[in-house]
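One structure below.
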Amino acid sequence: MGYEKFATKVGELKRAAIDAWMYSETGWGWEVRGDVYQVIGDSRSKVTRPGQDGEGGGDWSGPVMINIFGWDVLGFDDQKDAEFQGYFAEVRNTIDSIVGRWADLPDPADVEEIVERCRTVSGHLSVEPVVADADSNISVASEDLAVGMNGISSHVAGLSGNTIDAFKDKFLLKLPMAIAGSLAISAVRGGVVAAEKAIWEKAREDVMATLETAIQAFNAIAQGTTATWQDQLHVFGLAAEGVSLFMPGVLGKVLETASFGVSLVPEPKGDSRAGVGAPGKYSEGVESLSKQLDALSQQIRAEEEALRESLTGTISGVGTQKGTYDLVLDRIYDLDCSVNMVESEVNAITERYMPKVQTALSAAASETITCTIGNQVARSADIGLGAYGPAYELYDLTILHYELTKDLAWEVENGAVQLHLALQDFIESDNQSADQLRDFAASLEGGSGFDPWD
């Protein structure tokens, strides 16, 4: 039964709990007889049983011993209905107090939408095809980025001089590393979101399985047989699988071959077992149910703490890797030393290939700002790591990633303009061209306006 049947299953649980309470807690051993309860060996007195939704019931019929003028005689007591109905209400309230917080867990389908956005970002940052789904073997990659980077490399090969050497250092050596680092950040962020999806898929399954286990245990108690209880916890360890769930294959290799300051998810701290014993009566069944769900919440918390540690570790680690991500180097020109600048080659670089790289990076930046979670993972504040889990830390990493990628796009866009102006100065060799190049270079001193390092 899927999680959408939560309310139905809770109704069944309440009825089963009341059945167990009537048999084990009243001292009379009321047994289920269809839609009523009867005391073992006495068919005269009956109490109506709740419906399948756990509501109603508690109507008494039959004689009771009452005292009249000091004599115990068989009679009728109008207060019995209210008495049993009150007991039943207490049982229902007890069940609600245990399971109520689990009634509105995050929908994995909502989280999957964010996972797909994160995959789109990683695609924009991938020169090679990246396996995005292990089941369907779907791959994503950026054609713009691949064409742009390959085109720059091939067209700059025959050029030389100080200007070109500076250009190669910045855009053939530094830029690929910066893009790979941005892809690694995207992998960490996407892995966290994918892990959240997996956690809530399993949490929903575990909750429903726990409710069913409790129903079966209460049914056994009501029948006077031995109840069993099996742990229903499958959340443990999912956080560490986030990146592989997000994008297996090439992306995983990126993370294995270079750190780029990113921090992978550590193994969670905690126990994968709830350690719930078999209940023998209603009160023990309530204790088992409560203990099982508390253990599930603690497992979710342990997983989300591991996710948070990865996010904060990545934010801190990237902050120490400015040389990897920041392309701010010496100006890519030298007015007197350009030896071989072929106009057609430079124009291909600046007018065709660098704009493609800039387009891919800008697209990644625009999409990355949407890769945050909030309401998608909202739940009761006493489940897991609070009402929104690691959403705040994920937002902080998203802003960092946005600013890094926007800054890269700016560097590429203005690097193309700078190289074009250097070409014009090389061709025309006049003061006006030299002044334009100097003025443009000076205008870049303020940077892109995005400062990931502040």
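Points worth noting:
- Qualifying lysines (Cα of each under 23 Å from Cα of residue 174; at least 8 residues distant if same chain): 253, 322, 356, 406
- Taking label positions 7 Å along the Cα-Cβ direction at both residue 291 and residue 101, the computed distance is 1.8 nm, reported to one decimal.
- The candidates 353, 87, 37, 392, arranged from most to least accessible area with a 1.4 Å probe in the full protein assembly, appear as 392, 87, 353, 37.
- Two-site label geometry, residue 283 and residue 154: point separation in nm, points 7 Å out along Cα→Cβ: 8.1 nm
- Here the Karplus relation 6.51 cos²θ - 1.76 cosθ + 1.60, evaluated at θ = phi - 60°, turns the backbone of the range 49-58 into coupling constants of 8, x, x, 4, 8, x, 9, x, x, x Hz, with x for every Gly and Pro.
- Under 5 Å between amide hydrogens, built in the peptide plane, is the criterion, and for residue 31 it picks out 38, 39, 40 among residues at least 5 positions away or on other chains.
- Cross-link partners of residue 5 among lysines (Cα-Cα below 20 Å; sequence separation of 8 or more within a chain): 14, 197, 202
- For residue 427 and residue 269, the difference between the fully extended length at 0.36 nm per residue and the C-alpha to C-alpha distance is 50.4 nm.
The values are calculated or read from the model by the stated rules, or taken from the named source; none is laboratory data. Computed from a predicted structure; not experimentally measured. Methodologically, a virtual Cβ is constructed for each residue, glycine included, from the backbone with ideal geometry; neighbour enumeration extends over all protein chains shown. Remember, those area values only see protein heavy atoms, side chains included, never the ligands or the DNA or RNA. Shrake-Rupley method; radii C 1.70, N 1.55, O 1.52, S 1.80 Å.
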